[in-house]
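Everything below concerns the one structure shown next.
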Amino acid sequence: MWSLKLYFVYFGLLFLGVGSALYQYRCPRQIKKHGDWEDYVRVDGPAMTRSYIKAIGEMMGLELIGAQSLSWEEAEKAQTLRLHYAMLSAEAKYSRLAVAFFFFYGLGLLTVPSLMTVIKITAQFFRN
């Protein structure tokens, strides 16, 4: 088993690389850029115009009500962007499952030689 360490490392890194490439290719830009919807609203929200927010709402099938005041408009903008982020996060279900699969198995394969090394060092430590 000790001689197979290099294979575990090779295939573990290969799986991680494929998962990373798939993530970069299939994940929406807004999801990669922002950690959560609050960050999306805080960072990108101020730069978005009313017409852009309306276009996002229409794309999602929302009917936006005309804003009566600035605070209502900001609340409506935040809600629309939150829903947009959730929609982007939920799309490409099979790609998300594939990325999770590649990351899980890649990390699992990399764990095997690490554990083997820990066991070998621990055994040698207690032998001396």
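Here is a list: LEU81, LEU97, LEU88. Which entry is over 26 Å from LEU4 (Cβ atoms), at pLDDT 85 or above and touching a Pro at 6+ places or on another chain (Cβ under 9 Å)? Every option except LEU88 fails the conditions. Among the criteria (1) open to solvent by less than 30 Å² (accessible area, probe 1.4 Å); (2) of a type in the set (S, T, N, Q); (3) free of Cβ contacts under 8 Å to residues at least 40 places away in the same chain, the one GLN79 does not fulfil is (1). Filtering segment 45-68 for residues that are at pLDDT 85 or above, within 22 Å of SER89 (Cβ to Cβ) and touching a His at 6+ places or on another chain (Cβ under 6 Å) leaves an empty set.
Could you check, for segment 9-30, whether at least one of its residues is at pLDDT 80 or above and outside any helix (DSSP H, G or I)? The answer is yes, given that some residue of segment 9-30 is at pLDDT 80 or above and outside any helix (DSSP H, G or I).
Every residue in segment 14-55 that is free of Cβ contacts under 8 Å to residues at least 12 places away in the same chain and aromatic (Phe, Trp, Tyr), please. Passing the criteria: TYR25, TYR52.
The values are calculated or read from the model by the stated rules, or taken from the named source; none is laboratory data. Remember, predicted model here, so these are calculated numbers, not experimental data. Cβ coordinates were reconstructed from backbone atoms using ideal geometry, including for glycine residues, and neighbour counts include every protein chain displayed. With ligands, DNA and RNA removed, areas are computed over all heavy atoms of the protein, side chains included. Shrake-Rupley method; radii C 1.70, N 1.55, O 1.52, S 1.80 Å.
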